[in-house]
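Working notes, beginning with the structure itself.
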Amino acid sequence: MADRILVIDDEKIILELTSMILRSRGFEVLTSRSAVEGLELIAREQPAVVLLDYMMPVMDGLTALKQIRERFPGTYVIMFTGKGSEEIAVELMKAGASDYILKPFNNQDLVERIAKVFKIRRIELANQELRDERERLLGEIEGWNQELERRVAEKSLELERAQMELLLSEKLSTLGHLSAGLAHEVRNPLNSISLFAQVLKQSLSSDPESCAHADKILTEVDRIDDLLIKLLDASKRSRFSPQQVDLAQLLDRVLDEFAPQLAAQKVEVERNYQAGVSVIQADPAEIKQIFTNLLANALYEMPQGGRLGVRMNKDERTVSVAVSDTGKGVPPENLGKIFDPFFTTKTKGTGFGLSVVLRIVRNYGGKITVESRKGDGTAFNVCLPLEPGADGCQ
Ligand SMILES: Nc1ncnc2c1ncn2[C@@H]1O[C@H](COP(=O)(O)OP(=O)(O)OP(=O)(O)O)[C@@H](O)[C@H]1O
Ligand SMILES: [Mg+2]
């Protein structure tokens, strides 16, 4: 497209002359004999450059220049001024003219100056494009930054969670070392106490009262020993031998073992197993321990009756068992602590039950979650992969 130029001059001869010269140089030329009409033409035709006469009736060149600069800031203006008016020229440049040409002008000079203004305009337009591109790129970078920040925040959260898990497994392994050592150290003297108490009891057989005292000692020793065995169970993986375990059968067996207690406490059982076999590869003793501990906790919460829910669902890769009760629930402030070893709210509790459950579930690559609302009871959901270590429990 040819460069479009508008010439505004009240002298017809100047219009004709400049049109002729500029057209012969390949410009597209529009003309106007007044500033008012010229402004309308600019609005309509959007010429790149305007050649504007300074001395005109009605609206003079300076006023027209100011209006053009204000209304069409992208339009370049070259002023015609009479010779000997350099001061005016300075004023015009200050008002935003790109250049000025003294009248009468020389053809070559006219063309060169116009060409120069077009050149400047092209450079400025290219500059503007670069600036726009820069803005666009900055915007893009900003977008990437935000995305990056979002991902970093996401990863940090994941890391935080992983750290929490690590902390918990550290707690569990500390418990392992501690309890193994403790059990070892304590069970030996305990054994001696038991032996000597038995010897004492025999030598006191003629004195029933002292005999009863010796029996008390023996009972207490047994209690301590039980506790130590529990502690050992809680901390180490003793006899891991994976085999096919039918979960439905296993749950039924655990429930059978609790039958007398369920009846005594008038607890109703709601059993709901998804149809079909649900066999997992696992150590039956470990899996049994998970549900024995969960059921023991649930029953503890319902001394005056209630409902015990045992529900089982499965998909291609996992089996989930939910154990729920209608007890008093876990207060929100305890929810984060119940899986901690030693955490208990019971006078005779050890606080190992759930930590053992968690350790076993973790060993299989499974997951355990708890939901509890005050007064609404508690539900533990245990997800286990069909194969130990396989994923699938989210
Ligand atoms: N079903 C439940 N309803 C309400 N609170 C529960 C339930 N299960 C566990 N808790 C809370 O979690 C605590 C820890 O349970 P965990 O089984 O680890 O130990 P414990 O039952 O106190 O002791 P232990 O299992 O050695 O007899 C309990 O003391 C109790 O406060
Ligand atoms: Mg318990």
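Given the range 160-235 reduced to its alpha-carbon atoms as identical point scatterers, what log10 I(q)/I(0) does the Debye formula return at q = 0.15, 0.20, 0.26 Å⁻¹? Taken in order of the listed q values, log10 I(q)/I(0) reads -0.62, -0.83, -1.06. Distance from the Cα centroid of the range 331-355 to that of the range 87-148 is 76 Å (rounded to whole angstrom). Distance between the pseudo-spin-label points of ALA296 and LYS216 (7 Å out from Cα toward the beta carbon): 2.7 nm.
Which of the three applies to the range 114-155, rounded, prolate or oblate, going by the alpha-carbon gyration tensor with a ≥ b ≥ c and a/c under 1.5 meaning rounded? Before the final figure, lay out each step's value.
Details: a/c = 11.14, a/b = 10.43, b/c = 1.07.
Prolate, since a/c reaches 1.5 and a/b exceeds b/c.
A Förster distance of 35 Å, applied to the separation of the beta-carbon atoms of LEU148 and ASP391, puts the FRET efficiency at 0.80. Over the chain, what is the relative contact order in whole percent, taking alpha-carbon pairs under 8 Å and six or more residues apart? It comes to 9 percent, rounded to a whole number.
If you model the chain as an ellipsoid using its alpha carbon gyration tensor, with each semi-axis the square root of five times an eigenvalue, the axes come out at 101, 23, 19 Å, biggest first.
A simple packing score, the average count of other Cβ atoms within 10 Å per residue, orders the peptides 87-94, 292-299, 35-42, 53-60 as 292-299, 35-42, 53-60, 87-94, with the highest score first. Database note for the chain: Cys without another Cys beta carbon under 4.7 angstrom, CYS211.
How much length is gained if the chain between GLU91 and GLU40 is pulled fully straight, taking 0.36 nm per residue apart and subtracting their Cα-Cα distance, in nm to one decimal?
15.9 nm
For the range 3-130, rounded, prolate or oblate, judged on the Cα gyration tensor with a ≥ b ≥ c (square roots of eigenvalues), a/c < 1.5 rounded, else prolate if a/b > b/c? Rounded, since a/c falls under 1.5. Estimated purely from DSSP H runs of n ≥ 4, each contributing -39500 (n - 2.57), the mean residue ellipticity at 222 nm for the chain is -19000 deg cm²/dmol once divided by its residues. The gain in end-to-end length when the THR344 to LYS155 segment is fully stretched comes to 64.7 nm, 0.36 nm per residue minus the alpha carbon separation. In this rough spin-label picture, where each label sits 7 Å from Cα along the Cβ direction, the ARG69-LYS230 distance is 9.3 nm. Backbone amide hydrogens, once placed in the peptide plane, bring LEU30 within less than 5 Å of ILE5, LEU6, VAL7, excluding anything fewer than 5 places away on its chain. Applying 1/(1 + (r/R0)^6) with R0 = 30 Å to the Cβ-Cβ distance of ASN272 and THR174 gives a FRET efficiency near 0.20. Taking amide H positions as modeled 1.01 Å from N, with prolines and chain starts lacking one, the residues under 5 Å from LEU52 and 5 or more places away or on another chain are ILE8, ILE78, MET79, PHE80.
Under the 0.36 nm per residue contour assumption, what length would be gained going from the current alpha-carbon distance of GLN202 and GLU257 to full extension? Write out the running numbers ahead of the final one.
Values: separation 55, 0.36 × 55 = 19.80 nm, distance 3.69 nm.
Answer, rounded to one decimal: 16.1 nm.
FYI, it's all coordinate maths here, none of it is from the lab. Computed from a prediction, not measured in an experiment: that's the story for all the values here. Every residue, glycine as well, gets a Cβ built from its backbone with ideal geometry; the counts of neighbours run over all protein chains shown.
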